[in-house]
1. Which residue out of V236, V240 is within 18 Å of the chain's Cα centre (by Cα) and β-branched (V, I, T)?
2. Scan region 82-101 for residues that are surrounded by 18 or more Cβ atoms within 10 Å (Cβ to Cβ) and assigned to a helix (DSSP H, G or I) and jot them down.
3. Among the residues of region 186-193, is any hydroxyl-bearing (S, T, Y) and farther than 19 Å from Q17 by Cβ?
4. Looking at region 199-286, what helices (runs of 4 or more DSSP H) fall wholly within it and have at least 2 residues that are acidic (D, E), open to solvent by 40 Å² or more (accessible area, probe 1.4 Å) and farther than 30 Å from T62 by Cα?
5. Restricting the search to region 241-266, which residues are among the basic types (K, R) and either free of Cβ contacts under 8 Å to residues at least 24 places away in the same chain or more than 24 Å from I83 (Cα to Cα) (or both)?
6. Could you grab the pairs with beta carbons closer than 8 Å, sequence gap of 6+ or different chains, first residue in region 91-102 and in contact (Cβ under 8 Å) with a residue 24 or more places away in the chain and more than 15 Å from F147 (Cβ to Cβ), second one in a loop (DSSP other than H, G, I, E, B) and open to solvent by 10 Å² or more (accessible area, probe 1.4 Å)?
7. Go through (1) within 23 Å of V11 (Cα to Cα); (2) open to solvent by 10 Å² or more (accessible area, probe 1.4 Å); (3) among the hydroxyl-bearing types (S, T, Y) and name the single condition S123 misses.
8. Looking at region 19-39, which of its residues are among the small types (G, A, S) and open to solvent by 20 Å² or more (accessible area, probe 1.4 Å)?
Amino acid sequence: MTAITTDNRPVLRTPYQKSIAAYWNAERDPVNLRLGDVDGLYHHHYGIGDVDPSVWEGPEKTRDERIIAELHRLESAQGDYLIDHLGDISPEDRLLDAGSGRGGTSFMANQRFGCQVDGVTISTAQVEFANNQAGQRRVSDKVKFHFRNMLDTGFETASMRGIWTNETTMYVDLFEAFKEFSRLLKFGGRYVCITGCYNDLTGGRSKAVIQIDERYTCNVHARSEYFRALAANNLVPINVVDLTAATIPYWELRAKSSVATGVEDPFLTAYREGSFHYLLIAADKI
């Protein structure tokens, strides 16, 4: 797969981006794959909502299977909640999934609206996987995944009605990313972000947030930085929702599952102590 954009600029600009691409090219984590096997929607984000108490009922030998299915349901609920905030989208519109992973949210958006969805990721393995999924779902004419950098997509100016990032902004400079999203959005188009961000009022990254950064080789941004970067790029927030309380049940359940990775404790600690927030921001292009 080519490593350059349509105008010959490299997709992977820096050693850091190359390291992130290498990480996701090699990633085969059961917490993503086993959950996706439930119904063929493969996510790379977390969940929201209350846990169904029936998970704890029934034979103990099948409990973990029920937990896996419930974790996947909560992750899909998060994807649905994000899509709810994209506004009125018609089948003629075009959407961008910036940092599309294995494609789960892209397929959900196409199913909801019937429109074209383009996903971009710097992982060639994810591009191949997601395009194979599009073929199996028979939506390759509408849902396409590209080896491109979200900071420099190569798509036409004002070509998108909506753009979203689902837990991917911690890998990029927010001002660069939002500049590109602003360029791509039509006037009145919408950008929706779900992300973890550290609480500025606590005086910087807590120990638990630092552990999250180290686990994923990412750079969690301050909550206030999102709003500074949006304002600098003609993106006006119309809805801000703190989902921190809504995601804690997901993490508590995941900590008791066979797909726990060890990062569950830092997430729960950070959320409970208030040093880390799980946020949805919807902003319109003006």
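The values are calculated or read from the model by the stated rules, or taken from the named source; none is laboratory data. Here the structure is a predicted model, which means the values were calculated and not measured. Cβ: placed from backbone, ideal geometry, glycine included. Neighbour counts: every protein chain shown. Accessible surface areas use protein heavy atoms only, side chains included; no ligands, DNA or RNA. Shrake-Rupley method; radii C 1.70, N 1.55, O 1.52, S 1.80 Å.
1. When all the criteria are applied, what remains is V240.
2. L82, I83
3. Yes, there is a match, as at least one residue in region 186-193 is hydroxyl-bearing (S, T, Y) and farther than 19 Å from Q17 by Cβ.
4. Passing ranges: none, list empty.
5. Of everything in region 241-266, just one residue is among the basic types (K, R) and either free of Cβ contacts under 8 Å to residues at least 24 places away in the same chain or more than 24 Å from I83 (Cα to Cα) (or both), namely K256.
6. P91/G114; R94/S159; L95/I89
7. (2)
8. Within region 19-39, S19, A22, A26 qualify.
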